[in-house]
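Working notes, structure below.
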Amino acid sequence: MHNEKTMQTIEAEWHSHLPKIETATFGMGCFWGTDARFGQLPGIIRTRVGFAGGATENPTYRGMGDHTETIEMDFNPEILSFEEILHIFWNNHTSTNRVNYKERQYMSILFYHDEQQKQSILNVKKELEDDRNETIETEVVPYSGFTLAEEHHQKYYLKRFSIAVDLLNTHYPSMDAFTHSTLTARLNGFVREFGTLNDIKNEVSDWDIGEDSRQIVLDILKRIRW
């Protein structure tokens, strides 16, 4: 094992061939489920959950103050566009912001990183409002920072499978690498019944990496026990 490439090295090899990587940040309720739903999608490069949108300093899960549970993800817009992400976002949660419900913890909120994202949000929002004949109450605000949540919240559903995680951990140099891995994002979605192992294997087969790297990843998937 110690002579093999780490998953961090293999994924960096793949990412180096991607023409462009963009970032999306939003809240749509509990961030555990959001992480699983989006993490399994081809085009999503990495995910992490945390807190954003408030002024409280150093937010934590037990003390997030006026922040919202948020997911931040990097994605390849040539495979999954920001507009497609927005449709998945609005089609998979109730966009009515309930006053005084857990304060701002489970707010429907979109943080735009630039003017292009802002315009895309407004365009898709209007399109859906016209289609549904209803008002979408999602808060739309400029991105102003993101605080990573505690380690046990990252890839929350995957970490329920300790045997699988023990094997995976031998292929990552740190928990930060585990958190920001494409493979763990896919597996976190899989254990929540978003996608299949065959979907993941087929995707890995298309990664622009060397054959030795590909075989390492496929062997990991073959050896995992749930």
E150-T9 FRET efficiency (beta carbon distance; Förster radius 25 Å; 0.05 resolution): 0.40
Is any residue of the range 141-174 close enough, with backbone N under 16 Å, to a label point placed 7 angstrom from the Cα of W226 along the Cα-Cβ axis, and if so, which? 156-168
Under a Gaussian network model of the chain whose springs join Cα atoms within less than 10 Å, the largest fluctuation of S95, S144, S181 belongs to S144
Can you pull out the GluC sites (Glu not before Pro) in the range 1-103 that DSSP calls coil and that have at most 12 other Cβ atoms within 10 Å? E57, E78
Checking the cross-link filter: which lysines have an alpha carbon closer than 19 Å to that of K222, excluding same-chain neighbours under 8 positions apart? K5, K159, K201
Could you give the length gained by full extension between S205 and N58, i.e. 0.36 nm per residue of separation minus their alpha carbon distance, to one decimal place? 48.8 nm
Average Cα contact separation per residue, the range 67-187, under 8 Å, 6 or more apart, as relative contact order %: 23
Size of electric dipole in the range 1-45: Cβ of Lys, Arg +1 and of Asp, Glu -1, about Cα centre, debye, nearest 20: 100
What number, rounded to the nearest 500 deg cm²/dmol, is the helix-based mean residue ellipticity at 222 nm of the chain, given -39500 (n - 2.57) per DSSP H run of at least four residues and division by all its residues? -12000 deg cm²/dmol
Calculated volume of the Cα convex hull per residue in Å³ (choose from (1) 125; (2) 108; (3) 153), label: (1)
Computed for the chain: size of charge dipole around the Cα centre, +1 on C-beta of each Lys and Arg, -1 on C-beta of each Asp and Glu, debye to nearest 20, value 820
To make sure I understand the rule: partners must be lysines, Cα under 25 Å from the Cα of K118, and not fewer than 8 residues away in the same chain. Which ones qualify? K20, K126
Can you list residues from other chains, or at least 5 along the same chain, whose modelled amide H is less than 5 Å from the amide H of S108? E139
How many nm separate the modelled label positions at L218 and T94, each set 7 Å beyond the Cα in the direction of the Cβ? 4.6
For a quick protection proxy, order the peptides 174-180, 219-225 by their average other-Cβ count within 10 Å, most packed first. 174-180, 219-225
Explain nothing, just compute: Karplus ³J(HN,Hα) = 6.51 cos²θ - 1.76 cosθ + 1.60, θ = phi - 60°, for every residue of the range 51-56 in order, whole Hz, x for Gly and Pro. 9, 7, x, x, 10, 4
Which of the chymotrypsin sites (Phe, Trp or Tyr not before Pro) found in the range 48-101 are loop residues per DSSP with 15 or fewer other Cβ atoms within 10 Å of their Cβ? Y61, Y101
Per-residue HN-Hα couplings for the range 60-75, Karplus 6.51 cos²θ - 1.76 cosθ + 1.60 at θ = phi - 60°, whole Hz, x for Gly and Pro? 10, 4, 8, x, 8, x, 9, 7, 10, 4, 9, 10, 10, 9, 9, 9
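Please state the relative contact order of the chain as a whole percent: Cα pairs under 8 Å, 6+ residues apart?
This gives 29 percent for the chain.
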Ordered by packing density, taken as the mean number of other Cβ atoms within 10 Å over each peptide's residues, highest first, how do 201-213, 104-116, 25-37 rank? 25-37, 104-116, 201-213
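Values in this text are rule-based calculations from the coordinates and carry no lab data. Owing to the predicted nature of the structure, the values given are computational and were not obtained by experimental measurement. Cβ sites come from the backbone with ideal geometry, for glycine too, and all protein chains shown count toward neighbours.
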